[in-house]
Structures are given as structure tokens and as C-alpha cells.
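Let me begin by presenting the structure, written as C-alpha cells, before commenting on it.
Laboratory data are not the source of any read-out in this text; all were calculated from the coordinates shown. For clarity, every value in this text was computed on a predicted model and none was experimentally measured. No Cβ is skipped: glycine too gets one built from the backbone with ideal geometry, and neighbour counts run over all protein chains shown.
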Amino acid sequence: MSLELVKEAVRLNQPIGEDSTQTIVENDIIVPDIKPDIVRILLLDGDAFINSAEAASDKLMIDGTVRYKILYVSDDPEQSVKSINTSSGFRYSMDIPNTRQGMQCRVKCDIEHMEYEILNSRKVNVKAIVSLDGIVTTQFEQFVARDFEGAEDVQLLKNNISVNSYIGNNSSDCPVKETLEMPAGKPAIREILRNDVKVTGKDFKLAENKVVVKGELNVSTLYIGDDETRSIQYMEHEIPFSQFIDLPGVDENSYCNVDFEIRDLSFEPEEDADGELRLLKSEASLNIYAECFGKKDIDLVEDAYSLSFRMNLEKEQLKMEELVAENKNQVTLKEVVDIDMDSPDIQEIFNVLGKLSLSASEVSNDRINLEGVVACNILYLANNEEQPVFCTVREIPFKQTLDVKGVKPGMGLDIEMDIENYSYSMVSAKEVEVRFVIGLLSRVSNQVTIPVIAKVSEQPLDDKRQISQPSIIIYFTQQGDSLWKIAKKYATTMDEIKKGNEFADSDTLPAGEQILIPRKLV
């Protein structure tokens, strides 16, 4: 029987390339026929999401959508505040060398800045600076040797390694539909001005072959009330959701990255049993993406030799990432935001929108140092007829040090940040206290290179060399020697060397130690 390698497969996810860039999405927004003319814009904001991303030859083809929300003062004498909610698509080609069709890709996007120019009372030119972060990866199976078959006297040097085995990814569209009741004491809906939707309470659990995801959609609605003064009103609702994502191979010991993206949104007023518009028909499409890995322990054969024949080993270098640490932490930010003196006074806070950005991250010995900013948009109802709705923007910086045992400078760091919870309270007509609970998920990995036996062949031993070898050898250890190296060099076994010598049961030997090496008879 010929000598054969016993191999074990490890599925790896290898990055091909990644890039971060910005693109300008410019559009002319036309006021719908049913809307009055624009006199002045009170607030312009929006968000962006990716419809699809496909790998092509040295490129990543991106198709996305920008949603625009405009609040403006109109020439309508009965109700001056109006809104336009619209969207437009964009395409972008990102250059990533070595990308090929069929490779897996992932793109995240965000709006960095928006500006506008009123061209006339029926047309607004809007420019949005959209940031794009794209990565292309490929999956493959790497086979590593864990044993030999076909010979009984093969000596093996094994090393137990823990590798990040790629399980896979999947996404699922989660429809969220709910008919919401208005809070008591609020007037019925005459017209919806805007809806702000955030995903809160994000959580997931891993089960056999599934990722179980749950959370809430926090919906803030600004509307014109159906009362005598046509007052501007707001209300908040929470809609719970849950979703299963099928991922064969996942279990409770796996670890997972989960992303949430709100795509389609629809909110319409609906009549209740009394014929009043006191219901809000809500429909949203939430895309949930999960990517999972698992730790796999392998007894890898690093080296081998035989006492009865000569083994020729062909090795190749395997590069992989080893997960060093994964930690979940929370940071609570609390800040009193002052409204500019020339801004209108606060009558009532409508909503607080927060956007996270990481400005610096560093791995030191047993620590991770982070710096970031929360861009805080405070939307409020003002006690001002000319500017009944106003937005003030502030940046709240934060620093955080995470104690993570075992991490060192030079290791790879991946940080996921999310605003898990937020609250606010009005301190005065010029002050608002905001509180953000930021969830931090940190993963530290180390790039390791492992020699892997790819092929093995056997040849007869040199009989003359064996015959000329003395029955016992006196050897003085050198720097870097080990029992394995000495036993392999002199065609014996580590057990045989240990029998004829008295030293600690350790593979590492101090330099200058005398060792008796008996010849192994085969």
C-alpha cells in the first residue's frame, strides 16, 4: 500500500480587494402637480441603500437608491408647511483589481452631505455626496494534512490550530406591515409631512442551520392635524419584527455579522370605525444580511519522517486569519445641546436623529482605543410662524478604551457600531439633553502563515549511511534545537532519546546539553 495523505477540508473566505470612495448623486426634483410652489426650504435630508452589487472583470458594479425628504414653506395661505418625499437611482463602477464575475461582493453606503439650489418655485437641484465601501471576496476549500495512511512507522509532528472556517452568507427580505393607532388626544391626520424610521433593539440568536433575528422599527411621524388651526403634530410608534435566515452549517457556537437595511417604505392615513383618519397604514421592506463563521480545531501535521524509508514532503504556505478576540461593549453618551441664539425657540421636540462615524481606531497591548463622532440632528417644532419646523445639527465626540486580553499592535481590527437606544428631553427653549447608547462589536484577528503538506512521496533509505552510523552518538545541543529535530536528523524517535537521557519532558532544549542518541534498529 502506497503512502497517502489524510486531508481535512477548511472553507476559507479570502479577500480579493476592497475600496472606499465617494460619488456625487445629482438630481432635479420637480414639485408634484398636487403640491403648491416652494417659497423656502426648511429641511432637506435623506438616506441611501444598495439595491445590488455585482462583480465584473476588475470592477464592482453598484446599483443604489437615494431617498430625499424635503420640508418646505409653500405659498399655500391655509397651510404653509408642505413636504416632498421622493427617490432616485444611481449607478457606480468601483475599480477593484483581480475581481472576476461570480465572486462575492458586499457594499455599504451612507450619505455624507446634501445641498440644494432652488432653480424655480417648481424645481430644486439636489446634490448628495454618497460614501461607498465595497469589498470583494472569494470562497474556496483548503485541504490540510492531519495524518498519513500506508505506513506504520511514520513519525508525526502535529500542531493543533484553530481556524476561522467560513460557513456562508444569506439575506432575507422581511416585510413589516402594521396598522397603527394614533395616540389619544392627538388630532386626526390631514396630511403626512414626513416619516423617520430607525431599526432599534437589534438582536439575533444562532440555532441549528438558522439565524433568528428580531428587533423593532421605530417610526416617527410628522403630520398636519385635522383641526381648526391645522396644527403640526407628531407621534411615535414601535413595530416589532422577527425573521429566520437559513444558513446550513450554523450552530450556537458560530459567530455572525448581521446587517439591517431599510429599503421600501410606505405610510398612508386610514379611516377608523368612526370614519376619521386616525389610523396609519405602515408597510416597510427590511433586508437582513447574515454572514457566519465557525471556529474549527485541526490537528495539523507540520512535519513527518519514517525510519524505514525516505519521505519527500512538498509544502505550501497557507495564509489565513485567526480570530484572537471578539467583544461586545456599550458606550453611553450624554450631552446637553445648546441651540444657536439666532435659531427659533423650541416648542416641542419632534425627533432626534443620530449618525455614527469612527474617526480613529488602534490596537495596543491588551487594549483597543477608539475615537468617533455622533452627528446629532435635532428636529423640533418651533414657536415661530415663519419657521414652524427647524433642525439643529451638532457633533458629539467620544473616546473609548476597551480592555481586550491578548490583542497586540499590528493585529487586524474590525469594529461595528450601532445606536442601540436613544432618548432626549427638553431642558429649556434653547437646550436639549440627548442620550445615546452605542453598541460596539470588536473583532481582532491575526494574519498567520502555516506551512501545509501538499504532497508526499517515498524513496528507499540510503543503506550505506545507516550501516556507517555508530550505535550511539554523543550530541551537544545547539540553539533552537528540539527533540523532534534531533530525532529526525539521526533517524530515531523522541521516545528512544528520552529513554537514554535524563532531562525535563520538554520539546525545547537548552543549548550545550549533552544527549546520548542510540541508533534505532529497523
Using modelled amide H (1.01 Å from N, peptide plane; none on Pro or chain starts), what sits under 5 Å from the amide H of Phe350, excluding residues fewer than 5 places away?
Leu379, Tyr380, Leu381
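Might you report the magnitude of the Cβ-based charge dipole of the chain about its Cα centre, with Lys and Arg at +1 and Asp and Glu at -1, to the nearest 20 debye? Mind dumping the intermediate values first?
On the way: 56 positive and 92 negative charges, 472 e Å.
Charge dipole, the chain, about its Cα centre: 2260 debye, nearest 20.
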Could you run the Karplus curve 6.51 cos²θ - 1.76 cosθ + 1.60 with θ = phi - 60° over the stretch 263-268 and give me ³J(HN,Hα) per residue in whole Hz, x for Gly and Pro?
10, 8, 9, 8, 9, 9
What value, in deg cm²/dmol to 500, does the helix sum -39500 (n - 2.57) over DSSP H runs of n ≥ 4 give at 222 nm once divided by the residues of the chain?
-1000 deg cm²/dmol
Using the 2.2 N^0.38 Å rule of thumb for compact globular proteins, work out how the stretch 324-448 stacks up: its C-alpha Rg over that value, please.
1.33
Which of the listed residues, Ala284, Gly185, Ile515, is farthest toward the dipole's positive end in the chain, when Lys, Arg count +1 and Asp, Glu count -1 at the beta-carbon?
Ile515
Which value in nm describes the separation of the simple spin-label points at Asp299 and Gln79, placed 7 Å from the Cα toward the beta carbon?
7.5 nm
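Can you tell me the length gained on complete extension of the stretch Gln514 to Asn160, counting 0.36 nm per residue apart and subtracting the Cα distance? Before the final figure, lay out the partial values.
Working: separation 354, 0.36 × 354 = 127.44 nm, distance 3.02 nm.
Taking 0.36 nm per residue and subtracting the Cα distance, the gain is 124.4 nm.
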What distance in nm separates the two pseudo spin-label positions at Asp259 and Glu112, each 7 Å out from Cα along the beta-carbon direction?
1.8 nm
Give me, ordered by chain and number, the residues 5 or more places off Asp345 or on other chains with an amide H under 5 Å from its own placed amide H.
Asn383
With x for Gly and Pro, the residue-by-residue ³J(HN,Hα) of the stretch 418-433, computed from phi through the Karplus equation 6.51 cos²θ - 1.76 cosθ + 1.60 at θ = phi - 60° and given in whole Hz, is 7, 7, 7, 7, 8, 7, 7, 8, 7, 8, 7, 5, 10, 9, 9, 8
Figure the gain on full extension for Asp272 and Val448 (residue separation times 0.36 nm, minus the Cα-Cα span) and round it to one decimal in nm.
57.0 nm
In whole Hz, what ³J(HN,Hα) sequence does the stretch 134-140 give by Karplus (6.51, -1.76, 1.60; θ = phi - 60°), x for Gly and Pro?
x, 9, 10, 10, 9, 10, 8
Quick check: the distance between the Cα centres of the stretch 259-300 and the stretch 380-442, to the nearest angstrom?
23 Å
Charges at C-beta only: +1 for Lys and Arg, -1 for Asp and Glu. How large is the resulting dipole of the stretch 151-308 about its Cα centre, in Debye rounded to 20?
260 debye
Amide H neighbours of Val31 under 5 Å, counting only residues 5+ apart in sequence or on other chains, H built in-plane at 1.01 Å?
Lys123, Val124
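In debye to the nearest 20, how big a dipole does the stretch 364-440 give about its Cα centre with +1 on each Lys and Arg Cβ and -1 on each Asp and Glu Cβ? List each step's numbers first, then the result.
Details: 7 positive and 12 negative charges, 66 e Å.
Result for the stretch 364-440 is approximately 320 debye, rounded to the nearest 20.
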Once Lys and Arg get +1 and Asp and Glu get -1 on their Cβ, which of His113, Cys256, Gln387 lies farthest toward the positive end of the dipole of the chain?
Cys256
Once you've got the Cα coordinates, tell me which of Lys405/Lys498; Lys127/Lys186; Lys82/Lys355; Lys35/Lys202; Lys69/Lys328; Lys198/Lys328 are over 29 Å apart.
Lys405/Lys498; Lys127/Lys186; Lys35/Lys202; Lys69/Lys328
